[in-house]
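Below: one structure, written as structure tokens.
We did not get these values from a lab; they are worked out from the coordinates using the rules stated. Because the structure is predicted, anything quoted here is derived from the model rather than measured. We place every Cβ from the backbone using ideal geometry, glycine too, and count neighbours over all the protein chains shown.
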Amino acid sequence: MKMPIQKIESAVQKKDVRNYLQEAYQEAYFDKDKGRLVATDDHICAIVPVTDYNEDSAGYISPDAMKHARKIKTDTIAVNGSINFPNGTSMSRSELGKFPDYEKVVPKKPKGEPTICIDAALLLKLAQAINIPSADSGTSLKLWITGSKDVIYVEGNSDAYGAIMPRRF
């Protein structure tokens with residue numbers, strides 16, 4: 001499988017002592033039939049197309065395996081009974097059971113132009129600027145999108161507020 005440039009492992013659920021999510025959320029899933037790598041933490045779902053090779057097989061790929069591939073600067077790994085790297089190292093693959101049916105949850109791409117585009121880095125910067133860092137709600141934001149779509153009013157987890165301007169493409 002050719003490793004994606006994107007850091008899809010960011011969407012994988014971190015291991016947690018509470019472990020209230022399925023273990024399947026703690027690793028990305030290689031969907032060989034669709035040629036994609038899928039990761040979710042039950043709040044977000046990332047789907048990244050990948051090139052697979054005939055010997056590859058569907059199944060789980062751990063964030064550690066993806067990080068190791070980046071560390072040894074390879075963009076190709078063999079994923080079958082185990083995960084094999086070009087430098088001769090290998091890692092075992094998990095047998096976590098059925099991955100969630102992501103295609104039932106993720107909607108099809110709507111036709112036409114996007115309604116609004118937001119620079120994620122700016123949105124995070126604004127969240128960090130107006131939220132109380134130690135609050136239970138973390139960096140969550142409430143957005144009010146008015147009819148004009150020129151400016152979006154934003155509130156965080158405190159009395160602070162702000163605005164973000166949609167991105168023009």
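Toward the positive end of the charge dipole of the chain, about the Cα centre and with charges on Cβ (Lys, Arg +1; Asp, Glu -1), which of C117, F99, Y60 goes farthest?
Of the options given, the answer is C117.
Output the relative contact order of the chain, whole-number percent, from Cα pairs under 8 angstrom with separation of 6+ residues. Present the calculation step by step, with values, prior to reporting the outcome.
Details: 274 pairs, mean separation 26.3, N = 169.
Rounded, it is 16 percent for the chain.
Of K7/K71; K67/K98; K34/K108; K14/K67; K2/K34, which sit over 18 Å apart, Cα to Cα?
K67/K98
Using just the helices of the chain, give the 222 nm mean residue ellipticity in deg cm²/dmol: DSSP H runs with n ≥ 4 each add -39,500 (n - 2.57), and the total is spread over all residues, rounded to 500.
-4000 deg cm²/dmol
Per 10 Å bin, what is the whole-percent P(r) computed from every C-alpha pair distance within the stretch 19-88?
Going from the shortest bin to the longest, the percentages are 19, 52, 25, 3.
I'm checking a number: the convex hull volume of the Cα atoms of the chain, normalised per residue, in Å³. What is it? The partial results should precede the final answer.
Values: hull volume 27.5 nm³, N = 169.
Enclosed volume per residue, from the Cα hull, is 163 Å³.
In degrees between 0 and 90, to the nearest 10, how far off the longest principal axis of the chain does helix 120-130 point, with axes built from Cα atoms?
Here the helix axis deviates by roughly 50 degrees.
With only Lys, Arg, Asp and Glu charged, each at its Cβ (+1 for the first two, -1 for the last two), find how big the charge dipole of the stretch 37-169 is about the Cα centre; round to the nearest 20 debye. Please list the in-between numbers first.
Details: 15 positive and 16 negative charges, 75 e Å.
The dipole of the stretch 37-169 has a size of about 360 debye.
When the Kirkwood hydrodynamic radius is evaluated over all pairs of different C-alpha atoms of the stretch 120-164, what value in angstrom, to one decimal, is obtained?
10.6 Å
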